Amino acid sequence: MKVTFPHMGHMWICLQAMLEYLGVEVVVPPPSSKRTLSLGSKHSPEFACMPLKLNLGNFMEAAERGADTIVMAGGCGPCRFGYYAQVEHEILKDLGYNYHLVVMEPPEKHIGELLAKIRYITGKSSWLEVIRGIRFGYRKALAVDELERLAMVRRPREIKMGSTDGALQQALAEVVRATDFRELEKASAGGIEIMREVRTEERPVLRVALVGEIYTLLEPFANQDIERRLGSMGIEVDRSIYLSEWVNDHLFMGFIRGLRSSKEYCRSASPYLNHFVGGHGQETVGSAVFYARSGYNGIIQLLPFTCMPEIVAQSILPGVSNDLDIPIMTLIVDEQSGEAGMTTRLEAFNDLLYRKSSAKEVLA
Amino acid sequence: MTIKIGIPRALLFYQYFPMWKTFFEKLGLQVVVSGHTTKGILEKGARLCVDEACLPVKVAFGHVAELKEADSIFLPRLVSVSPGEYICPKFLGFPDMVKQCAQDLPPLIMTNFNQYRREGDLYAAFSETGRVLGSNPAKVYFAYREALRAHKRHTSLLQRGYMPEDAVKLAGEPPEKGSLEQEDVRSRPVVAVIGHPYNIYDGFISMNLIKRLEKAGFRVVTQDHLSEETLRHHAGRLPKKLFWTLGRNMTGGALHYLSDPGIKGLVHVASFACGPDSMTGELIERFVRRMGGKPFLNLTLDEHTGEAGVVTRLEAFTDMINLRLASGS
Ligand code: SF4
Ligand code: SF4
């Protein structure tokens, strides 16, 4: 059995760690690329959202490397994600791929269903080991999040262009290499040290928050590397969702308690959107309110073309923008989005924020 | 003066209008409905909502804007109409979208209709609606019972082969009335149309698809003419339970009609960029291919779809069926 899974930013680090810790043979698909997208789009429904197309491409590319089993998350609606795995599997079947599919999702009838699936993947490991494996993967997710956060703060202040990204790659590689808890602890500390060594200077920076659909937020290929682009324009970025939060909610079914939970965001969404709408639609509205109140200069909403929960959020964000006096821009990505278009829009947004913040300073 | 409640002729109107209307009328209110969809209604709706919304949502915005004269507009949040299922994320957010995007509207009645946990939670939704209107609880309960009865009758009329708007017209008639049309219609070749009710029954959105097929000499059936058991039974063939009620009905209906030799062809109507359709449409098409045989037409509609193109494709589809009928297969 060779297990693969779809990409979503750095999620592979966490999943690979968890599975290999349990002695499962893993095939990490090649990073999502133009080829992945064109393979996936060719065989997906035209109006499927982009994550589905990229997932499919990942599986096709992983098969080239010998993968025969897919592990992925599922769900029970109302958003499409809950039916991704099944549709992808039907497509793969018709294309002649012989994949075994294991979907981690809230069981329809009995918790036993989920346990049996974990058993199937992890083979003879004891439950205690399985729990340790999950913890190990989760620790890696936390380490990755920490490094990404540091990068977002340092990028706009770096003295030498590109030094933050070099350091980030180096630090992540340390985390990837760790094979047990002890090594991981050292690797995280070492990684943080590497990030601290990036030379920066104090300068006034604008702060922008990225909110929206989780996959587009976490996958640099899908968002055309927006964090790096903003960083190099001298903007400090934060993002409404981090890997560890998603992994805990969707893969571990909330197994790890006491995290910053999306409930907080949902409360801030009132009175604009008083009900969940699937995906992270309500969180998008709530986090926009949260960032506006925390003094951010601007907000960018990211979503894939046809994403339903985010279209609801998009309709509601202008109200937030007006009431709380904060510029909000919506960026929709699909397989046709060009780089040039993205650059122009980010530059225009940057100018707008810059003018707005200097106007404020003059008044103050 | 009686209070006027506005109900947009959009979204789940085609399934639930008799139920809603009965409820409000039994509370002594007057119900007003927006007219049939026109280009003007669509344009008004499209101006009010974001570009990315699907055609039926834009049309629904237009219908809401038609109801400015009403004293309030009934715009329930339709979370779930069947246990364990939803409709679409956009239905969950529709009332909030309207509230944010459309100004100068009469007050909106935005009660949650949520039967995700239990079928019986429908009463809670009506009793909340009654409370918002300030009606007496006993009267509300009575109105709710009458509303349920009206809904049952509506569904049974649909299952006897009526189209929703004809069933609405018959709603007041005694039960024995309304035996289906004349003999000649019964003996026509049958074509199945599968799609969201607000697409296939809205003559403007569907470009009169059903009427055109009837004119071309066919009898038309849809997923709504099938019983709940039949729909569930066939949807049960999917790899996983579908959690969208409309999508589940459509897929179950398509699978049923595909395996029924009396059905000569199948039309699937999807909204451009519709989330659920992108998934269920894909499954339906794969089944059509695997099960082979029947003429199949997939129409994807939005405000830019040209009528001429649809007409040509429809003709090619009906020609194909007629050819097969002539050759006796
Ligand atoms: S949240 Fe959006 S992108 Fe993600 S599955 Fe749902 S519709 Fe697709
Ligand atoms: S089901 Fe499709 S057509 Fe209906 S509201 Fe949702 S996205 Fe639009």
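The values are calculated or read from the model by the stated rules, or taken from the named source; none is laboratory data. Here the structure is a predicted model, which is why all the values come from computation and not from measurement. Ideal geometry is used to build each Cβ from the backbone, glycine not excepted, and the neighbour counts take in all protein chains shown. Quick note on the areas: whole protein, heavy atoms, side chains included, nothing else; ligands and nucleic acids left out. Shrake-Rupley method; radii C 1.70, N 1.55, O 1.52, S 1.80 Å.
Assorted remarks:
- Inverse mean reciprocal Cα-Cα distance (Kirkwood Rh) of chain B, Å: 20.7 Å
- Calculated from backbone phi, Karplus (6.51, -1.76, 1.60) coupling profile of region A:124-139 in Hz, x at Gly/Pro: 8, 4, 6, 4, 4, 5, 4, 4, 5, x, 4, 4, 5, x, 5, 4
- Amide H contacts under 5 Å for B:ASP302: B:PHE272, restricted to partners 5 or more places along the chain or on a different chain, H placed in the peptide plane at 1.01 Å from N.
- Computed with a 1.4 Å probe over protein heavy atoms only, the accessible area of B:MET163 comes to about 30 Å².
- Loop-resident trypsin sites (Lys or Arg not before Pro) (DSSP state other than H, G, I, E or B) in region A:24-109 with no more than 12 further Cβ atoms inside 10 Å of their Cβ: A:ARG65, A:LYS109.
- C-alpha center-to-center spacing [region A:64-98, region B:306-329] in angstrom: 35 Å
- Shielding by partners for peptide A:276-285, expressed as the average number of C-beta atoms from other protein chains within 10 Å of each residue's C-beta, is 4.
- Alpha-carbon Rg with Dmax, taken over region A:205-364, Å: 15.5, 50
- Viscosity 1.002 mPa s, 20 °C: Kirkwood-radius Stokes-Einstein D of the protein assembly as shown over Cα pairs, µm²/s: 78 µm²/s
- Long-range tail of P(r) for region A:2-125 (Cα pairs > 18 Å, %): 52 percent
- Its Cα centre serving as origin, chain B has a Cβ charge dipole (Lys and Arg +1, Asp and Glu -1) of approximately 660 debye.
- Building the convex hull from the alpha-carbon atoms of chain A and averaging its projection over directions returns 18.6 nm².
- Subset of A:LYS42/B:LYS58; B:LYS4/B:LYS26; B:LYS4/B:LYS139 violating a 20 Å alpha-carbon distance limit: A:LYS42/B:LYS58
- Among the residues of region A:311-353, those with an accessible-area drop of 20 Å² or more from chain alone to full protein complex, heavy atoms and 1.4 Å probe, are A:ILE311, A:VAL312, A:GLN314, A:SER315, A:ILE316, A:ILE332.
- Cα-based reach from A:LYS124 at 16 Å (exclusive), listing lysines while leaving out same-chain residues under 8 positions away: A:LYS2
- Lys, Arg +1 and Asp, Glu -1 on Cβ, resulting dipole of region A:67-150 about Cα centre, debye, nearest 20: 380 debye
- FRET E, pair B:GLN103, B:LYS39, Förster distance 25 Å, beta-carbon r, rounded to 0.05: 0.65
- Between the residues A:ILE328, A:PRO304, A:TYR265, the greatest Cα displacement towards the positive end of the dipole of region A:205-364, with unit charges on the Cβ of Lys, Arg, Asp and Glu, is found for A:TYR265.
- Accessible area of chain A belonging to carbon and sulfur atoms, whole % at 1.4 Å probe: 53 percent
- Amide H contacts under 5 Å for A:ASP238, placed H, 5+ residues apart: A:VAL208, A:ALA209, A:LEU210
- Evaluated with a Cβ-only charge set (Lys, Arg +1; Asp, Glu -1), region B:214-254 carries a dipole of roughly 200 debye about its Cα centre, given to the nearest 20.
- Across the cross-link table entries A:LYS263/B:LYS90; B:LYS90/B:LYS211; A:LYS93/B:LYS241, which are compared at the Cα atoms, the separations over 24 Å belong to B:LYS90/B:LYS211.
- For B:GLY195, nonlocal amide neighbours, meaning residues 5 or more places apart or on other chains whose placed amide H falls under 5 Å from its own, are B:GLN223, B:VAL269.
- Average accessible area per residue (Å²) across region A:58-123 - probe 1.4 Å, nucleic acids and ligands excluded: 41 Å²
- Buried surface between chains B and A: roughly 3400 Å² of accessible area, summed over both sides, computed with a 1.4 Å probe on protein heavy atoms only.
- If the convex hull is drawn through the Cα atoms of region B:184-327, its volume per residue in Å³: 107 Å³
- Ranked from largest, the principal axis spans of the Cα set of region A:127-204 equal 51, 19, 14 Å.
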